[in-house]
Structure formats: C-alpha cells, structure tokens
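Below is one structure; the comments refer to it alone.
The values are calculated or read from the model by the stated rules, or taken from the named source; none is laboratory data. Note that the structure is predicted; figures quoted are calculated from it, not measured. Reconstructed Cβ throughout: ideal geometry from the backbone, glycine too, with neighbour counts over all protein chains shown.
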Amino acid sequence: MLDDLAARFIANGWSLKWLHREIVLSAAYQQASRPREDAMQSDPTNRLVWRMNPRRLDIEAYRDCILQASGTLDTTPYGVSMDLNQPGNNRRTVYARISRGRLNNLLQLFDFPEATLHSPGREVTTTPLQQLFVMNSQFFQNQAAALAKTAEKLEGEQRVQFMYHKVLGRDANQAELKLAADYFAAGATPAQYAQALLSTNEVMFWP
C-alpha cells in the first residue's frame, strides 16, 4: 500500500496537497474505531485495517470537550494566558500558562511534554492517576454541576437524553436508559450522573 501511494505521489508531481487529499478521503482513514463482533473474531489486532485504531484526545482537546459539554467553555480569543488552576478559568486550553519550572498537574497527568525540552511527539500513557483525577478533581465536579444545572428543568428519560446529546452527541439506547434509571433510583444526584457521563472513554477517544 505504501509503495503504491509513493508511486502515485511521485506521478502527481510530489504534490503534498494531492497526498493529503488522497489520504483523508480514503475509506481506511474515514473509518470509525468502534469494533464489530464478526471482525473482532477474524482480525482482533486490526491487521487488515477494518477499523480505525482508537486514539485518545490530547489534553488540550480533552479539556475543551469537557468545558463545551458542560456549557461553560469561554471561546473569547486572544488575551493574557491564565493558569489552569485559576478559579473560573474556562478559556480554551491553548491559552493556558505553561511554567517551565512547575508544569500544571492536569497537563502532567495527561502526557503534556516536558516544557524545558524539544519534543517531536507525545507519549501516550494510561495510569490510575488519570482516572482518579477524573473521579475526584474539583474541575470535573464543577463541570458536572454546570451540566446538571442546564438539565434541572427536565426529568426522567428527557434529562438523560439531554445529557447524552450534550456530552456524547447521540441518543442513549434502552440499556443506557435503564442503567441511568437504576443509578438515580439508588440515590445518585444529577451532578453525579453528569460526572459519570463526562468520565466515559467515549468522551476521551476519537470516534
């Protein structure tokens, strides 16, 4: 496949514009990462590229997605950078203040590169501390509370569907609706349910 792509790249005058268009319009590039049971049985390692390998969002995009889902994202452009720990800082993460001496904990947890060194790419790690942050941090609790507040006038399935649309951009299926009903019946608050939704892998990974 690479040999064929290289040959056609040369035949098209070494045009990077052509190469980019050819790649992003290909069926392989446009596939979702969701598995299919039949394909998982025949090719569990995805050697035949029948789906996109799951890719996690970088921390900047991930934090912005959480803010967008909760309805608190501040899209004001330009201006002075702000520390991510500063109360009320809901600006896009690209405006975060980067300290070479002491990197912000959130950035450190989610593989932001060392600020004092050149970094051609990011290492992707999965650690218990990342999920503990999602479960216990004030940032996630604040965003979950904001999301729950936007749905406070709704009840039952309407509230669940509203949150699914805000966070995941889709309808909840019947199994998910039953799971939500059981969760609320056990005494969970809307803010706790909102945090559970914001904590799902479906938010963190590309579709």
- [ ] Please determine, by comparing only the residues of region 104-118 that are over 21 Å from the mean Cα position of the chain (by Cα) and under 21 Å from GLN130 (Cβ atoms), which one is modelled with the lowest pLDDT.
- [x] ALA115
- [ ] Answer yes or no as to whether ARG91 is surrounded by 14 or more Cβ atoms within 10 Å (Cβ to Cβ), touching a strand residue (DSSP E or B) at 6+ places or on another chain (Cβ under 7 Å) and basic (Lys, Arg).
- [x] yes
TODO: Return yes when ALA175 is out of contact with any strand residue (DSSP E or B) (no Cβ under 8 Å at 6 or more places or on another chain), buried (at least 17 other Cβ atoms within 10 Å of the Cβ) and without any contact (Cβ under 8 Å) to a residue 60 or more places away in the chain and no when it is not.
DONE: no
Open item on the list: Filter region 116-159 down to the residues that are assigned to a loop (DSSP other than H, G, I, E, B) and either in contact with a Cys (Cβ under 9 Å, 6 or more places away or on another chain) or surrounded by 14 or more Cβ atoms within 10 Å (Cβ to Cβ) (or both) and list them by number.
Closed with: SER137, ALA151, LEU154
TODO: For THR75, work out the one condition from (1) under 27 Å from HIS165 (Cα atoms); (2) at pLDDT below 90 it doesn't fulfil.
DONE: (2)
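So that you can scan it fast, the table gives a plain yes or no per residue for (1) more than 26 Å from ALA196 (Cα to Cα); (2) polar (S, T, N, Q):
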position: GLU60; (1), (2): no, no
position: THR75; (1), (2): no, yes
position: GLY79; (1), (2): yes, no
position: MET82; (1), (2): yes, no
position: PRO87; (1), (2): no, no
position: ARG97; (1), (2): yes, no
position: ARG102; (1), (2): yes, no
position: THR125; (1), (2): no, yes
Task: Out of ALA28, ALA32, sole residue that is outside any helix (DSSP H, G or I), modelled with pLDDT under 95, more than 18 Å from the chain's Cα centre (by Cα) and not assigned by TED's automatic domain parsing to the domain that holds ASN89 - done: ALA28
TODO: Run ARG56 past the list (1) of a type in the set (D, E, K, R); (2) farther than 18 Å from GLN143 by Cα; (3) surrounded by 13 or more Cβ atoms within 10 Å (Cβ to Cβ); (4) without any contact (Cβ under 8 Å) to a residue 60 or more places away in the chain and report the number of the one that doesn't hold.
DONE: (4)
